[in-house]
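The structure under discussion appears below in the form of structure tokens.
The values are calculated or read from the model by the stated rules, or taken from the named source; none is laboratory data. No experiment lies behind these values; they were computed from the predicted model shown. Virtual Cβ from ideal backbone geometry, glycine too; neighbours counted across all protein chains shown.
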Amino acid sequence: MEFLDRYAGPIGNFALILAIVMAAFAVITSVWGIRQKRGDLIRVAQRSVYTVFVSVVFASFCLIYLLVTSNMNIEYVASYTNHDLPYFFKFTFWAGQAGSLLLWSLLLAGYSFAVTYRYRNTHGELIPYVIMTTMISQIFFLSLNLWSANPFSELVTVHGDGSTTPFFPVDGRGLNPLLQHPAMIIHPPTLFFGYVGFVIPFAFAIAALLSGQLDDQWIKLSRRWTLFAWLFQSAGIMMGGWWAYEELGWGGYWAWDPVENASLMPWLTGTAFLHSVMIQEKKNMFKVWNVTLIIATYLLCLFGTFLTRSGVVSSVHAFAEGSIGIFFMTFIIITLAFSVALVIYRLPQLKSEGKLDSALSRESSFLFNNLVLLISCFAVLWGTIFPVISEAVTGEKIVVGAPFFNKVNVPIALFLLFLTGAGPLFAWRKTSLASLRKAFLYPSLIALAGGIIVFIFLTQHLYGLISFTLSIFVTAVIVIEFVKGTAARMHSTKENFLIALKNLTWKNKPRYGGYIVHFAMVIIFVGITGVIFNFETKTELGEGQSFQVKDYTLKCDKIGFESNANYESSFSVLGVYKDGRKVHELKPEYRMYKASQQPTTEVALYKTIQEDLYVVFTGLDQTERKAVLQIYVNPLVSWIWFGTEILVFGTIICLLPAYTEDRKEVKVRRKENIGEKI
């Protein structure tokens, strides 16, 4: 261990150098192998990718070791940890700029390894280009780690004669208190799995454009990789909302923060892509749409990373301003120019062989869905970058706040919710008015009845009423689809209802897994709509005093103080009573972290399926020894987190392989050789 204590930094740095050299070697050998039609060179490129992965994993291990052992000679360790920081948080090497870029490099190396190994003996016409594309991205991020944000840089003391000696601070500055939350252990890697994962379908798209193999093969190969990335992007966004809700203490989960917006934009275009590729597979249409959408998705992932690191926007998620943003913008511009040039060059081959037969068709509903998603993405993009543009043009930064985003995106979101239910009711190619009336009849009647009940007993708020009514409509469509399919299977196989339902879903995972994802979005919409019922108030309570909030009575049982090696805190213990019965006990805190001298609040929550009671300890009135409390009652928030769990479950079902696909793939792998088609 003494050896690692002394040399982990230099070894980690060497591992990064080896990784970038091997990534460059992989690019050269893959290009050379393509030009010379030599399978042996492609295999060398593959092994180079494996070496890159091992090298970046080893570099990451070295950084984790330095963090866990509190080696304060390393600048990154001294900046983001301290001796008394719990080990649980020391493992989070992505807390700062250099570490988060290393995490990106690690995940990119992992994805590249996985896709290269998965197709090592197949699809030789595409995989060399995929290797080339992923490794060029790898070189960019490793370059940042080596020369712009090196996590292994050492602290030194410079003497008068110019000589240097290692410098060891007594202690580090500690981790930002806002990041000392379990969600921040999981949220950044989850979101990065989404961000980085979109490089694989992007690489397949570039491979198709470079090779001229513009049929739907690249779509089929990249579909699961896209779904995998989309799954993590979705979960990462929602987990970020959960962290904001439980840690920031403002009572909400989404503030249209620039970096939040940056995570949403590739999700919107990625969602459009996942819907659009189905049309190319079924009807050989939307080829230009698909390559454009996945290129846009990857570029928006890069743009989101640029926003976080450039200093051009103010955000609780952003890192300190630095020159790294210039490198990101340069890489984005080069990637955009190259991609656009490729698409223009291949336009003749990207012409659709099919065409829309009718506006009343499932193809048209997918097209409308894509257009609406892109409009939403553009609105979010415009609102995010407008302050930067206004400052550059007029010298004055005009802030675009939540009211703009809500005004634009709420109607768009409601229309998307309608399309979620309406899409399955349309037939392929053309839908007659008679069949359309029949398909819409029962879901519409159910939604109308539900909407009347909502209007009478729940709310007359316009958007709330529309959202709840459309949620009922979409749920009715999904339930009817499952019931019809299950009934047909019961009739043909004589299975009971539950067995038929399970087998129906299992035999057609993409379709019925997709319905489950759509139902999850309904649940999330219901949870978000609960914001129209939100209630907040503020009070001061001394020990033994009570306060009525909606249906709850809060009684202050204790006001106290705590101290440990990491922080000092003041807190109150509150008994929560409903209908005269104690249902919970809350302990909101106000903490001051010793190493960073930064304060934070620890929210106390009482959660039910109906609503959350959300209490923030904002301070202590020293004169009267009273706890100052900010209190929120937030209905239906738990539905958002529950809907996210259903979304993950539905997406996993979509990711599971179908038996027929597995058999075909095995046959193909036996027949193909990587050297045959280069």
All conditions in (1) in the same structural domain as Phe306 (by TED's automatic domain parsing); (2) in contact (Cβ under 8 Å) with a residue 40 or more places away in the chain are true of Arg429 except (1)
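Residues are listed down the side, and each one gets a yes or a no for (1) assigned by TED's automatic domain parsing to the domain that holds Lys282; (2) crowded, with 21+ Cβ neighbours inside 10 Å; (3) touching a helix residue (DSSP H, G or I) at 6+ places or on another chain (Cβ under 6 Å):
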residue: Trp230; (1), (2), (3): yes, yes, yes
residue: Gly236; (1), (2), (3): yes, yes, yes
residue: Leu248; (1), (2), (3): yes, no, no
residue: Trp254; (1), (2), (3): yes, no, yes
residue: Pro258; (1), (2), (3): yes, yes, yes
residue: Ala262; (1), (2), (3): yes, yes, yes
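Listed here are the residues, each with its yes/no results for (1) more than 30 Å from Ser563 (Cβ to Cβ); (2) among the small types (Gly, Ala, Ser); (3) at pLDDT below 95.
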{"position": "Leu4", "(1), (2), (3)": "yes, no, yes"}
{"position": "Ile11", "(1), (2), (3)": "yes, no, no"}
{"position": "Ala19", "(1), (2), (3)": "yes, yes, no"}
{"position": "Ile28", "(1), (2), (3)": "yes, no, no"}
{"position": "Arg38", "(1), (2), (3)": "yes, no, yes"}
{"position": "Ser48", "(1), (2), (3)": "yes, yes, no"}
{"position": "Val56", "(1), (2), (3)": "yes, no, no"}
{"position": "Ile64", "(1), (2), (3)": "no, no, no"}
{"position": "Trp94", "(1), (2), (3)": "no, no, yes"}
Of the conditions (1) in a loop (DSSP other than H, G, I, E, B); (2) more than 30 Å from Val170 (Cβ to Cβ), the single one that Leu613 does not satisfy is (1)
Quick one: is Tyr129 closer than 22 Å to Ala59 by Cβ and outside any loop (DSSP other than H, G, I, E, B)? no
Suppose we keep only residues that are aliphatic (A, V, I, L, M) and over 27 Å from the mean Cα position of the chain (by Cα) within region 58-76. Which one would you say is surrounded by the fewest Cβ atoms within 10 Å (Cβ to Cβ)? Val68
Tally time: how many residues in region 569-609 are of a type in the set (Val, Ile, Thr) and assigned to a loop (DSSP other than H, G, I, E, B)? 3
Residues located in region 454-469, provided they are part of a helix (DSSP H, G or I) and touching a residue at least 40 places away in the same chain (Cβ under 8 Å): Tyr463, Gly464, Ile466, Ser467, Phe468
Looking for whichever is acidic (Asp, Glu) and either over 28 Å from Met238 (Cβ atoms) or surrounded by fewer than 16 Cβ atoms within 10 Å (Cβ to Cβ) (or both) here; the options are Glu568, Glu602. Which one fits? Glu568
Mind checking which residues of region 479-536 are polar (S, T, N, Q), surrounded by 14 or more Cβ atoms within 10 Å (Cβ to Cβ), more than 28 Å from Ala272 (Cα to Cα) and touching a helix residue (DSSP H, G or I) at 6+ places or on another chain (Cβ under 7 Å)? Thr486, Asn503
I need the full set of residues from region 377-409 which are in contact with a Leu (Cβ under 7 Å, 6 or more places away or on another chain) and farther than 12 Å from Asp257 by Cα, in order please. Cys377
Is it true that Thr133 is in the same structural domain as Arg43 (by TED's automatic domain parsing), at pLDDT 95 or above and surrounded by 23 or more Cβ atoms within 10 Å (Cβ to Cβ)? yes
Considering residues of region 347-377 that are surrounded by fewer than 19 Cβ atoms within 10 Å (Cβ to Cβ) and among the basic types (Lys, Arg) only, the residue farthest from Leu416 (Cα to Cα): Lys351
Going through region 350-369 in order, the residues found to be touching a helix residue (DSSP H, G or I) at 6+ places or on another chain (Cβ under 8 Å) and farther than 21 Å from Ile412 by Cα are Leu350, Lys351, Ser352, Gly354, Leu356, Asp357, Ser358
Can you tell me which residues in region 526-573 are of a type in the set (A, V, I, L, M) and within 33 Å of the chain's Cα centre (by Cα)? Val526, Ile528, Val531, Ile532
Quick one: Ser376 ticks every box in (1) of a type in the set (Gly, Ala, Ser); (2) within 20 Å of the chain's Cα centre (by Cα); (3) over 21 Å from Tyr298 (Cβ atoms) except a single one, so which number is it? (3)
State whether one or more residues within region 382-390 are surrounded by 13 or more Cβ atoms within 10 Å (Cβ to Cβ), of a type in the set (A, V, I, L, M) and under 28 Å from Phe519 (Cα atoms). no
Where Thr431 falls short, out of the listed (1) buried (at least 17 other Cβ atoms within 10 Å of the Cβ); (2) among the polar types (S, T, N, Q); (3) part of a helix (DSSP H, G or I): (3)
Could you pull out the residue among Trp256, Trp225, Trp230, Trp242 that is at pLDDT 90 or above and assigned to a loop (DSSP other than H, G, I, E, B)? Trp256
Whether any residue in region 577-586 is modelled with pLDDT of 95 or more and of a type in the set (Val, Ile, Thr) is what I want to check. yes
Pairs where the first residue, in region 433-453, is touching a residue at least 60 places away in the same chain (Cβ under 8 Å) and the second is surrounded by 16 or more Cβ atoms within 10 Å (Cβ to Cβ) and in a helix (DSSP H, G or I), C-beta under 9 Å, 6+ apart: Leu436/Leu425
Identify, by number, the condition in (1) assigned by TED's automatic domain parsing to the domain that holds Met278; (2) within 28 Å of the chain's Cα centre (by Cα); (3) surrounded by fewer than 20 Cβ atoms within 10 Å (Cβ to Cβ) that Ser143 doesn't meet. (1)
